[in-house]
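Below: the structure, in structure tokens.
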Amino acid sequence: MNTTTKQPSVDKALPVTPAIISSSVDEGHRTKSAPFGHALIEEARRRPEIVGMSADLAKYTDIHIFAQAYPDRFYQMGMSEQLMATAAGGLAKEGFIPFATTYATFAARRCYDFISQAVAEQDANVKFVGGLPGLTTGYGPSHQATDDLAIFRAMPNLTVLDPCDALDVEQMVPAVAEHKGPVYMRVLRGQVPLVLDEYNYRFELGKAALLRGGRDVLIISTGFMTMRALDAAKELQKDSVDVAVLHVPTVKPLDEVTILREASRSGRLVVVAENHTVIGGLGEAVAGCLMRGGVSCAFRQIGLPDQFLDAGTLPVLQDRYGISRKAVVDRIRCWL
Amino acid sequence: MDHSPLLHNSELAERAYRVRRNAIVMAEVQGQGYIAQALGVADVLSVAYFHAMNVRPDQPDWEDRDRFLLSVGHYGIAHYAVLTEAGYLPEAELVTYGCDDSRLPMSGMTSYTPGAEMSGGSIGLGLPMAVGMGLGLKRKKSKSFVYILMGDGEMAEGPTWEAAISAAHYQLDNIIALVDFNKVQADGPSTSIMSTEPLVQKFEAFGFFVQRVNGNDLAALVAAFDAAREHPDPKPRIIICDTKMGSGVDFLEAKEKNHFIRLEAEDWKRAYAALDARTVA
């Protein structure tokens with residue numbers, strides 16, 4: 001917590017992990033490098049109206065490889081996120097499809113009015129791409145986008161996406177380019193886990209996807225928590241706990257039909273899992289959907305607590321705040 | 001207005017008179033509003049629309065048009081006045097200003113009004129938006145200009161300066177920024193609320209071709225707009241227009257608190273008379 005001054009800590013064994021890493025690769029996972037950048041290059045080949053923008057974070061959002069491939073189609077806007085968001089609206093007015101990247105914290109917190117009024121209200125065809133979603137950095141609250149989904153869910157006319165893995169990211173890019181209208185997309189960068197190719201999965205904008213069935217528990221998850229959910233399901237299988245996983249990459253508009261259909265299948269514990277504060281994200285969106293739909297079920301949330309999170313190393317922090325593979329398994333066991 | 005016929009100042013004065021009259025018609029509907037700004041900026045807008053800009057009012061989305069961005073959304077009343085005079089809107093629609101389901105909302109928005117290129121109102125969006133459009137027009141190898149109207153209070157908004165830096169960096173010589181320097185903002189005189197002077201030197205230091213003119217002098221405005229369009233350097237352009245709030249209606253010019261004016265019904269009649277008297281004189 002940040003309300004008290006930290007005490008010095010010199011005696012503890014210090015785990016050495018880079019503080020800034022943006023994807024959470026667990027042991028045994030395959031990875032793919034820079035799926036967003038590669039997919040954007042591919043899509044830009046088909047669509048000459050695509051342009052790239054960044055506010056001095058091209059390298060850290062994987063759009064730098066697009067900039068290398070198409071130097072005359074990339075606009076470096078410097079450390080001016082508000083300018084970037086609004087200028088993206090201007091480029092869209094002239095018929096271009098800007099993909100504008102920064103960290104998710106800066107997109108959500110710093111640019112809100114600019115995205116709301118210069119883009120969403122004017123229905124400008126801009127795609128915002130936010131790096132370091134949720135708890136994917138140990139830098140502390142300035143960089144931990146624990147609240148971006150809540151912030152952007154409240155914005156009319158904006159589509160909100162949270163991809164699980166490299167496959168999800170690379171399939172989102174053409175779908176996002178095809179979609180006419182403003183989009184906010186979280187992105188995982190660098191060496192990004194590759195998981196969903198084992199599940200015969202294909203990203204469809206606005207659709208949830210049932211990745212596995214199960215009689216005892218239904219995990220409804222978004223972002224990389226779907227990867228954690230799938231891992232947890234395998235682990236719990238060993239205890240004969242049968243876990244279904246419904247992946248919801250489109251947080252808004254929510255696929256209420258599929259969520260209601262799956263949640264109303266009787267007898268299962270429903271757990272919503274997200275790499276985001278428990279306030280205002282997928283958990284509360286699903287809860288509202290179930291209440292409105294008249295579905296009552298045992299309901300639990302796995303997400304980040306409503307607080308400014310600690311700085312530190314990622315494995316420790318993800319464990320501390322309950323979104324590591326082990327933490328997910330432990331909590332579901334407790335609830336059964 | 002296609003390929004901008006160069007109107008004589010007397011014709012421009014006639015246009016500016018009707019723009020002011022249109023604004024009073026709208027303000028009278030509500031009995032209140034941003035009439036002093038509309039009267040003050042009427043000459044600037046008249047020179048923009050009837051001398052400088054290349055537009056087709058019957059074809060608001062014509063690709064080769066010059067763009068006009070209204071950053072100060074509350075100047076909607078001034079913008080509708082000139083759009084009506086230019087033929088984008090029928091005169092009969094003026095009396096719907098600010099009413100439910102009108103195409104003329106109090107704060108200008110792009111989805112409401114033909115000829116409105118952006119939704120303003122959240123002050124500080126204009127110059128960043130102009131940068132994006134300027135970049136887009138350059139990509140398309142278009143010769144169109146982006147005109148952008150800001151207020152002097154807007155000079156205190158951070159994004160204005162983020163945009164100024166980038167406009168110079170990208171050599172956006174297709175941007176012609178206009179500042180309506182009327183010395184008044186919501187809480188009082190802009191010089192004491194937050195002084196942004198010396199504005200000329202600031203924009204020069206930011207890499208702009210800067211002119212400062214009397215914004216109620218049609219001849220000076222014509223010269224400044226011409227110079228802005230024809231300036232040879234690859235720099236963004238800005239014209240700081242010193243205007244008088246309420247210009248053309250003596251008792252409104254003299255009013256001390258004039259950011260948002262409420263008048264009785266008979267005073268609106270006086271406003272027409274005052275405008276006519278000034279114009280005849």
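Read the figures in this text as sums done on the coordinates, not as results from a lab. These numbers were taken from a predicted model, which means no experiment stands behind them. Glycine also receives a Cβ, built like all others from the backbone with ideal geometry; neighbour counts cover every protein chain displayed.
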Beyond 27 Å, the calculated P(r) of segment A:30-194 holds a percent of Cα-Cα pairs equal to 13 percent
Please list, in order along segment B:182-196, the HN-Hα scalar couplings obtained from phi with the Karplus expression 6.51 cos²θ - 1.76 cosθ + 1.60 (θ = phi - 60°), rounded to whole Hz, x for Gly and Pro. 9, 6, 10, 9, 3, 8, x, x, 5, 5, 9, 5, 6, 5, 10
Sorting B:L218, A:L282 on the 10 Å Cβ count, fewest up front, what's the list? B:L218, A:L282
Beta bridge orientation in the protein assembly as shown: antiparallel %, DSSP, nearest 5: 20 percent
Subtract the Cα-Cα distance of B:K138 and B:V200 from 0.36 nm times their separation in residues, and report this length gain in nm to one decimal. 19.7 nm
Between A:S142 and A:T5, how high is the FRET efficiency from 1/(1 + (r/R0)^6) when r is the Cβ-Cβ distance and R₀ = 22 Å? Nearest 0.05. 0.75
What's the Cα-based Rg to Rh of the protein assembly as shown, Rh via Kirkwood? 1.06
Cut-off under 5 Å, modelled amide H: who pairs with B:K255 long-range: none
Give me the percent of Cα-Cα pairs in chain A that sit more than 31 Å apart, rounded to a whole number. 29 percent
Taking R0 as 41 Å, what FRET efficiency do you get between A:D306 and A:R261 from their Cβ-Cβ distance, rounded to the nearest 0.05? 0.85
Pick from A:S33, A:S240, A:S116: which is most flexible by mean-square fluctuation in a GNM of chain A where alpha carbon atoms under 10 Å apart are linked? A:S240
Assuming a ≥ b ≥ c are the square roots of the Cα gyration tensor eigenvalues, decide whether segment A:206-335 counts as rounded (a/c under 1.5), prolate (otherwise, with a/b larger than b/c) or oblate. oblate
Net charge, A:H29 excluded, C-beta distance under 12 Å - Lys, Arg +1, Asp, Glu -1: -2
Taking 0.36 nm per residue of sequence separation and subtracting the Cα-Cα distance, how much length would be gained by fully extending the chain between A:R45 and A:Q76, in nm to one decimal? 9.1 nm
Length-normalised contact order of chain A in % [C-alpha pairs under 8 Å, at least 6 apart]: 18 percent
How far is the Cα center of segment B:96-169 from the Cα center of segment A:270-325, in Å? 40 Å
Which residue, B:G121, B:G132, B:G33, tops the fluctuation ranking in a GNM of chain B built on C-alpha contacts under 10 Å? B:G132
Please report the relative contact order for chain B, taking Cα pairs under 8 Å with a sequence separation of at least 6, and give it as a percent rounded to a whole number. 22 percent
In whole Hz, what ³J(HN,Hα) sequence does segment B:123-139 give by Karplus (6.51, -1.76, 1.60; θ = phi - 60°), x for Gly and Pro? 4, x, 7, x, 5, x, 5, 4, 4, x, 5, x, 4, x, 5, 5, 4
Potential extension, A:R110-A:D123 segment - 0.36 nm per residue separation minus Cα distance: 2.7 nm
Using all Cα-Cα distances in chain B, what percent lands in each 5 angstrom bin from 0 up to the longest? 1, 6, 13, 18, 21, 18, 13, 7, 3, 1, 0
In debye, nearest 20, what is the charge dipole magnitude of segment A:30-194 about its Cα centre with +1 on Lys and Arg Cβ and -1 on Asp and Glu Cβ, if you could check? 220 debye
Which of the lysines could be linked to B:K244 by a straight reach, that is with a Cα gap under 28 Å, when you skip same-chain ones fewer than 8 residues away? B:K183, B:K202, B:K255, B:K257, B:K269
Mind checking B:216-226 for the average number of partner chain beta-carbons within 10 Å of each residue's beta-carbon? 0
